[in-house]
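*Asks:* Structure in structure tokens, see below.
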Amino acid sequence: MQLLYDTDTDPALIRGRRVAVLGFGAQGRAQALNLRDSGVPVTVGLRATSSARAAAAEAGLAVAEPAAAVAQAEVVVVLIPDEAQPAVYAETVAPQLKNHGVLVFAHGFNIHYRRIVPRADLDVVMVAPNGIGEQLRAQYAAGRGVPGLVAVHQDASGQARALALAYAWAQGHGRAGIIESTFREETETDLFAEQAVLCGGLTHLIIAAFETLVAAGYAPEMAYFACLHEVKLMADMIYARGLAGMRESISSTAEFGDYTRGPRVIGGEARAAMQAMLKEIQDGEFAAELAREMQAGAPTLRAERVRARAHLIERVGEALRTRMAGGKPG
Ligand SMILES: NC(=O)c1ccc[n+]([C@@H]2O[C@H](COP(=O)([O-])OP(=O)(O)OC[C@H]3O[C@@H](n4cnc5c(N)ncnc54)[C@H](OP(=O)(O)O)[C@@H]3O)[C@@H](O)[C@H]2O)c1
């Protein structure tokens, strides 16, 4: 896989164009500030009722209603929550965006699953940071950058790829490395990783192991430290040195347990479940289920949040974290 850097981009392509950033949340704030500091004229599009208006104005950014921000701009960056994007595109962006404008996304979901079908005259690209908004801004401000993915969905002008690279430059991605991808690849790998590893896999692995120890009579506090707290130590080592590097740092006992017991936890059944989940992502079944959930007012999400919050691991964890931070248990 080839990485691209600042020298592979043409900053003039973005510097000369007014950009409307819709949203001033995790990504909107970071990207609007990075654009401004890269010399790109930027307007933040926020609803009149938005509590983020004051923060954007205090940061010295121009703020306008979303429709007005889009109408002034040649490039529109959609940085509101994924579930809100289809309605905002239909009601605000499509009617206002100039002919031959550019649409930028930070995640491929709505385009890939055709929940947004952009006008044919538009360039449609993705510039997806490999990091949360806070890191994107902090790295840029420190003269560094986080890596980013770029992809082109629709190239009406013939310049969509060059424009996406210029936008990636303005976000500092060219300092760390820009990876070329597709909307499909980004969306499917992102969903799969969050379901199998980062969110679904990790949380359920922790809970199952915690419950196993507690059911066998071990103290919940011991189970919390062993199965949850130490995850950070392992994740930091894996992040810095890879799996093999981490294994060099652990004891031979831990390493032997890893090789011989790990495959029993993640065995044939878990791998078959991963295959099935990947298929549901690829054939659109997961996206359709999520759309039905949101349309119904998120009943599963609400119920699961309440259930998960009430779990013993949360009460034990809260008390231990308070004590570790030097506070008194509540
Ligand atoms: N979170 C990350 O760091 C991260 C990382 C990579 C990619 N992404 C992608 O970046 C995009 C933005 O995600 P995010 O996490 O930055 O979003 P977010 O923080 O949840 O976005 C909040 C902002 O969106 C505005 N907003 C919400 N609903 C709106 C609506 N219906 N109309 C107009 N404005 C609305 C809010 O304005 P109000 O104040 O008016 O509510 C607020 O300014 C998504 O595509 C996401 O997948 C995010």
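The values are calculated or read from the model by the stated rules, or taken from the named source; none is laboratory data. Since we're looking at a predicted model, the values are computed, not measured. Cβ sites come from the backbone with ideal geometry, for glycine too, and all protein chains shown count toward neighbours. These area figures cover heavy atoms from the full protein model, side chains too; ligands, DNA and RNA do not enter into them. Shrake-Rupley method; radii C 1.70, N 1.55, O 1.52, S 1.80 Å.
*Asks:* Along the charge dipole of the range 3-181, pointing to its positive end and built from +1/-1 on Cβ of Lys, Arg, Asp and Glu, which listed residue (ILE132, LEU46, LEU103) has its Cα farthest out?
*Replies:* Value: LEU46.
*Asks:* Let me ask you something else. Which helices of the chain meet both criteria: a Cα extent of 20 Å or more along the helical axis and a mean Kyte-Doolittle score no lower than -1.0, with helices taken as whole DSSP H segments?
*Replies:* Span-like helices, by this rule, are 200-215, 268-282.
*Asks:* Taking R0 as 22 Å, what FRET efficiency do you get between ARG47 and GLU304 from their Cβ-Cβ distance, rounded to the nearest 0.05? Working shown, then result.
*Replies:* Working: r = 29 Å, r/R0 = 1.30.
After rounding to 0.05, the efficiency reads 0.15.
*Asks:* Can you put ILE207, ILE281 in order of accessible area, largest first, using a 1.4 Å probe?
*Replies:* Sorted descending by solvent-accessible area, the residues read ILE207, ILE281.
*Asks:* Which Cα, out of HIS112, GLY174, GLN282, lies furthest along the positive dipole direction of the chain (beta carbon charges, K/R +1, D/E -1)?
*Replies:* GLY174
*Asks:* Let me ask something additional. Using alpha-carbon pairs under 8 Å, 6+ residues apart, how would you state the relative contact order of the range 100-139 in percent?
*Replies:* RCO, the range 100-139: 48 percent.
*Asks:* Oh, and also: By what distance, in whole Å, do the Cα atoms of the chain stretch along each of the three principal axes, largest value first?
*Replies:* Taking the Cα atoms of the chain, the three principal extents are 66, 45, 42 Å.
*Asks:* Give the ranking of GLU188, GLU289 by solvent-accessible surface, highest area first, calculated with a 1.4 Å probe.
*Replies:* I get GLU289, GLU188, largest accessible area first.
*Asks:* Okay, moving on. With +1 assigned to the C-beta of every Lys and Arg and -1 to the C-beta of every Asp and Glu, and no other charges, what is the dipole magnitude of the range 232-320 about the Cα centre in debye, to the nearest 20?
*Replies:* Details: 13 positive and 13 negative charges, 47 e Å.
Dipole about the Cα centre, nearest 20: 220 debye.
*Asks:* What is the dipole size for the range 196-251, taken about its Cα centre, with +1 at each Lys and Arg Cβ and -1 at each Asp and Glu Cβ, in debye to the nearest 20?
*Replies:* That gives a dipole near 160 debye.
*Asks:* If you don't mind, another one. Quick check: convex hull of the Cα atoms in the range 3-181, volume per residue, rounded to a whole Å³?
*Replies:* Output value, Cα hull per residue: 98 Å³.
*Asks:* Rounded, prolate or oblate: which fits the range 241-329 when a ≥ b ≥ c are the square roots of the eigenvalues of the alpha-carbon gyration tensor, with rounded for a/c under 1.5 and prolate only if a/b beats b/c?
*Replies:* Since a/c reaches 1.5 but b/c is at least a/b, the shape of the range 241-329 is classed as oblate.
*Asks:* Solvent-accessible area of ASP258, probe 1.4 Å, all protein chains present, reported in Å² to the nearest ten, please.
*Replies:* For ASP258, the solvent-accessible surface is approximately 40 Å².
*Asks:* Magnitude of the Cβ-charge dipole of the range 118-236, K/R +1 and D/E -1, about the Cα centre, nearest 20 debye?
*Replies:* 380
*Asks:* Measure off, as a whole percent, the carbon and sulfur share of the 1.4 Å-probe accessible area of the chain, all protein chains present. Numbers along the way, then the final one.
*Replies:* Values: 10060 of 17920 Å².
Ligands and nucleic acids excluded, carbon and sulfur reach 56 percent.
*Asks:* If I take every Cα pair under 8 Å that is 6 or more residues apart in the chain, average their sequence separation and divide by the length, what percent do I get for the relative contact order? Kindly include the intermediate steps, with their values, before the conclusion.
*Replies:* Values: 478 pairs, mean separation 48.2, N = 330.
Answer for the chain is 15 percent.
*Asks:* With an 8 Å Cα cut-off and a minimum separation of 6 or more residues, compute the relative contact order for the range 3-181 in percent.
*Replies:* About 26 percent, as a whole number.
*Asks:* Using alpha carbon centroids, what distance separates the range 250-301 and the range 163-196, in Å?
*Replies:* Cα centres, the range 250-301 to the range 163-196: 23 Å.
*Asks:* If the chain between ASN99 and ASP121 were fully stretched, how many nm would it gain, using 0.36 nm times the residue separation less the Cα-Cα distance?
*Replies:* 7.3 nm
*Asks:* Report the net charge of residues surrounding MET237, where surrounding means a beta-carbon distance below 14 angstrom and charges are Lys +1, Arg +1, Asp -1, Glu -1.
*Replies:* With Lys, Arg at +1 and Asp, Glu at -1, the net is -2.
*Asks:* DSSP loop (so not H, G, I, E, B), at most 11 other Cβ within 10 Å: list which GluC sites (Glu not before Pro) in the range 42-139 pass both filters.
*Replies:* none
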